[in-house]
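Below is one structure, written out as structure tokens, with a few remarks after it.
The values are calculated or read from the model by the stated rules, or taken from the named source; none is laboratory data. None of the values given here were measured: they were computed from a predicted structure. With ideal geometry, Cβ positions are generated from the backbone for all residues, glycine too; neighbour counts draw on all protein chains shown. We work out accessible area using only protein heavy atoms, side chains counted, and drop any ligands, DNA or RNA first. Shrake-Rupley method; radii C 1.70, N 1.55, O 1.52, S 1.80 Å.
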Amino acid sequence: MNILYDDVANIVKWISSFGGLTNGGTTRLLYSAEWLQAQNALKEKMTHAGMSTYFDDVGNLYGRIEGSKYKDEIIMSGSHIDTVVNGGKLDGQLGVIGAFLAMTYLKEKYGQPLRTLELISMAEEEGSRFPYVFWGSKNVFAIANPTDVENIQDAEGIKFVDAMRECGFKFNTQAARQDIKAFLEIHIEQGGVLEKEQKSIGVVTSIVGQRRYNIRLIGEANHAGTTPMGYRKDAVYAFSRICYESINKACAVGDPLVLTFGRVEPKPNVVNVVPGELLFTMDCRHTDKKALVAFTEEIEADMTRIATELGLTIEINRWMDEDPIPMNDQLIHLLEDVCKKEHLNYRVMHSGAGHDSQIFSPRVPTAMLFVPSIKGISHNPAEDTKTEDLVEGIKALTYALYQLAYQE
Ligand SMILES: [Zn+2]
């Protein structure tokens, strides 16, 4: 197959030059000058490759190769063009350039498809400039609420609405897309599983559900010298027991459950005072909704028991509760078949991170391909994937798009 190592290496270099940093990373935030340059340059490249291109109201960019027989049945592929601050050169944009290489290859080799192939370079996914995520994909399905972004601004005080207008875009007035028959997204894994297992491709079966919490333990701050151990209401001690017991339980359950206490703030956080209060966060993920709910409920009960035993009070605030999102079975099988037939080195796996595909999947048949992240690193200038793995991933995408768009 003519997806060449050099083509892939060159296009990665090209796309990451928009917002490229001297440290090798990329910062390309929604509705910034670099963002607009990247979208416009992609539009030009897609037009040059013979695609008909257009922007929607909010700045999602599309490129179409019209189908000869079923032109209103859309086989779509792509991802997001925005990055985090000081991010890498593959997160999101790999899905855009991968779809571009796949579609242009198919067009050159096989001519016009039966169904319409459509590339999407989504405006935003990361939530890195404004406190809003999945702006791009949500607007494809008209589920983004304009009032959610009307009053938000970036760190410099620039309003979302003004930044959007400055780039020539406005609130979406279009109806939800009804014509998408399949959506495929290729993305970096952002974890270390594929690399550890020496696989080039991950066929994603589902995106994890997540529950996130802010939790406060309230004890009693007191003199570290004059308060005997038996008379203390030590919030750090209570937290350490919660942490130890919960993580042991999580380890016993094992994959795909993960549990993280990422932020811990004891008060007053000084050397000679028994900590009287402690704020911490909990992030728990699982691919199975029932298992996620059962586990977190057990941990909530454990935390309450431990706090009570030690004479502390606890406030548990669950502020995020997102269901796991399964990918489409038929498309998972198609991707597996393609990998088997073409002798691509793959495994089936879930995604522990969120992706645009989670907005697509409840609405249209959706599936994802992963390629390995070197050392599991992402959202960092060091984010990288071996070019030979990128080639393998884009090959799998190309074969799958061929099956979907060129076969009856
Ligand atoms: Zn991404």
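Sequence-ordered 3J(HN,Hα) estimates for the stretch 261-270 from the Karplus curve with 6.51, -1.76 and 1.60 and θ = phi - 60° stand at 9, x, 10, 9, 10, x, 10, x, 6, 10 Hz, glycine and proline given as x.
Using the Karplus relation 6.51 cos²θ - 1.76 cosθ + 1.60 with θ = phi - 60°, the per-residue 3J(HN,Hα) values for the stretch 204-219 come to 8, 8, 6, 9, 4, x, 9, 10, 10, 9, 10, 10, 10, 9, 10, x Hz, with x marking Gly and Pro. In this structure, Ala142 and Thr304 have a Cβ-Cβ separation that, at R0 = 51 Å, corresponds to a calculated FRET efficiency of about 0.75.
The calculated FRET efficiency for the pair Asp72 and Ala41, based on their C-beta separation and a Förster distance of 30 Å, comes to about 0.55.
Split the accessible area of the stretch 272-377 by element, probe 1.4 Å, and carbon with sulfur accounts for 51%. Heavy-atom accessible surface of the chain, averaged per residue, reaches 44 Å², computed with a 1.4 Å probe. Charge dipole of the stretch 93-239 (Cα centre as origin; +1 on each Lys and Arg Cβ, -1 on each Asp and Glu Cβ, all else neutral): 400 debye, rounded to the nearest 20.
Only helical runs count toward this figure. For the chain, summing -39,500 (n - 2.57) over DSSP H runs of n ≥ 4 and dividing by all residues gives -11000 deg cm²/dmol at 222 nm. Annotation: peptides 61-72, 250-261, 31-42, ranked by per-residue average of other Cβ atoms within 10 Å with the highest first, follow the order 31-42, 61-72, 250-261. For the stretch 51-210, the number of Lys pairs separated by eight or more positions or lying on different chains, with C-alpha atoms closer than 30 Å, is 28. In this structure, the amide hydrogen of Glu73, modeled 1.01 Å from its nitrogen in the peptide plane, lies closer than 5 angstrom to those of Thr116, counting only residues at least 5 positions away or on a different chain.
Based on the Cβ-Cβ distance from Lys290 to Glu265, what FRET efficiency comes out when R0 is 51 Å, to the nearest 0.05? With R0 = 51 Å, the Cβ-Cβ based efficiency is 0.95.
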